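The values are calculated or read from the model by the stated rules, or taken from the named source; none is laboratory data. Since the model is a prediction, treat every value here as computed from it, not as a measurement. Methodologically, a virtual Cβ is constructed for each residue, glycine included, from the backbone with ideal geometry; neighbour enumeration extends over all protein chains shown. Ligands, DNA and RNA are stripped out before the accessible areas are found, and what is left, the full protein with its side chains, is counted by its heavy atoms. Shrake-Rupley method; radii C 1.70, N 1.55, O 1.52, S 1.80 Å.
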Amino acid sequence: MVSHVPFAYDFGPLQLTGFGVAMLLAFVIGQIIASENLEARGQDPNIMGDVTVAAVIGGLLGAKLYYAILTGDPSAIFSRAGFVFWGGLIGGIVASAGTIWYKKARFSDVSDATAPGLAAAYAVGRSGCWAVGDDYGRPWDGPLAVAFPEGAPPSTVQNLVQQFGVKGYENLPPNEVLAVHPTQLYETAMGVVMFFILWRLRNHRHAAGWLFGAYCVLAGLERFIVEFFRAKDDRFFGALTMAQVIAIVFALGGAAWMYARSNRERATAA
């Protein structure tokens, strides 16, 4: 078992955390990859600066709104916690689509170029969750198990039972730190795999936008898988979490978009 130590340093009133560094790098890497893809396709890469800013703002707002709705607590919008993946992704896509429309570009062209960058950004961003000990999984005693004594929150019996609804540990001392699945690393690894798949497919012969559909399918599949290992208290559909239900819808939507863009003769401007 590994005992996790968070990456966080104080500089006077400011605090530098691994999550903040990872998020910054995620957006920078995503923008670089998308810009290079657009330029390789003979399109103007300068739009990505505005799209990235929109994605940051929309992503943060979407993540917080999703968390506030999920918890039923409007004040959660102003807390430091609760940056939920699906809310951030959907908010970022909506804000980016609005910016692309405003710039009179085609969503299908830009989204196709950004697909590999989204996967790379996800992998980097999830490493930030690992750095601060957030979004870990269910209790586990396997060879890769990790304890988060200083996590956000610590992986104590009390937190796992009360905050995440984990069953079967109620009789243990509440302050005992349990080892859990390091789901942040699972997500980072799957994000890297998604990136290489999408990068390999970037020169596809389908209509513009097809690759973005492939990203949606892979992102939905990745999220569906990892939710089985995460410590969650929102399993509203039997063994499925709300995030898994959204993942299924997202993947099916991506598959439908791939089908719609798989024939150039039937494809229309998006």
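For A251, are the conditions met, namely being surrounded by fewer than 21 Cβ atoms within 10 Å (Cβ to Cβ) and under 19 Å from I93 (Cα atoms)? Considered against the rule, which asks whether it is surrounded by fewer than 21 Cβ atoms within 10 Å (Cβ to Cβ) and under 19 Å from I93 (Cα atoms), A251 comes out as yes. Scanning the stretch 14-56 for residues that are open to solvent by less than 60 Å² (accessible area, probe 1.4 Å) and in a strand (DSSP E or B) yields a single hit, T17.
Say whether the condition of being in contact (Cβ under 8 Å) with a residue 12 or more places away in the chain, assigned to a loop (DSSP other than H, G, I, E, B), surrounded by fewer than 21 Cβ atoms within 10 Å (Cβ to Cβ) and not hydrophobic (A, V, I, L, M, F, W, C) is met by at least one residue in the stretch 124-133. No, every residue in the stretch 124-133 fails to be in contact (Cβ under 8 Å) with a residue 12 or more places away in the chain, assigned to a loop (DSSP other than H, G, I, E, B), surrounded by fewer than 21 Cβ atoms within 10 Å (Cβ to Cβ) and not hydrophobic (A, V, I, L, M, F, W, C). If you go through the stretch 107-131 one residue at a time, how many are farther than 12 Å from A26 by Cα and among the aliphatic types (A, V, I, L, M)? Selection size over the stretch 107-131: 4. Working carefully through the options S75, S108, find the one that is at pLDDT below 85 and of a type in the set (S, T, N, Q). Step by step, each of S75, S108 is checked, and only S75 is at pLDDT below 85 and of a type in the set (S, T, N, Q). Only residues that are open to solvent by less than 70 Å² (accessible area, probe 1.4 Å) and within 21 Å of the chain's Cα centre (by Cα): list them for the stretch 134-145, please. Within the stretch 134-145, D134, D135, Y136, G137 meet the criteria.
Among the residues of the stretch 215-229, just one is of a type in the set (A, V, I, L, M), in contact with a Leu (Cβ under 8 Å, 6 or more places away or on another chain) and either open to solvent by less than 10 Å² (accessible area, probe 1.4 Å) or on the phi > 0 side of the Ramachandran plot (or both), namely A219.
Is there a residue in the stretch 152-172 that is of a type outside the set (A, V, I, L, M, F, W, C), under 22 Å from A123 (Cα atoms) and open to solvent by 20 Å² or more (accessible area, probe 1.4 Å)?
The answer is yes, given that some residue of the stretch 152-172 is of a type outside the set (A, V, I, L, M, F, W, C), under 22 Å from A123 (Cα atoms) and open to solvent by 20 Å² or more (accessible area, probe 1.4 Å).
What do you reckon, is A189 touching a Leu at 6+ places or on another chain (Cβ under 8 Å) and either modelled with pLDDT of 95 or more or open to solvent by less than 30 Å² (accessible area, probe 1.4 Å) (or both)? No, not satisfied.
Between T156, T183, T99, which is modelled with pLDDT of 90 or more, in contact with an Asp or Glu (Cβ under 6 Å, 6 or more places away or on another chain) and over 16 Å from I29 (Cβ atoms)?
T99
When A123, A119 are screened for being modelled with pLDDT of 95 or more, touching a Leu at 6+ places or on another chain (Cβ under 7 Å) and closer than 30 Å to V2 by Cα, only A119 passes. Within the stretch 81-121, the residues that satisfy the criterion of being assigned to a helix (DSSP H, G or I), open to solvent by 10 Å² or more (accessible area, probe 1.4 Å) and of a type in the set (F, W, Y) are F85, W101, Y102, F107. For the structure I just gave you, tell me whether F196 is surrounded by fewer than 16 Cβ atoms within 10 Å (Cβ to Cβ) and either of a type in the set (A, V, I, L, M, F, W, C) or modelled with pLDDT of 95 or more (or both). Criteria met by F196.
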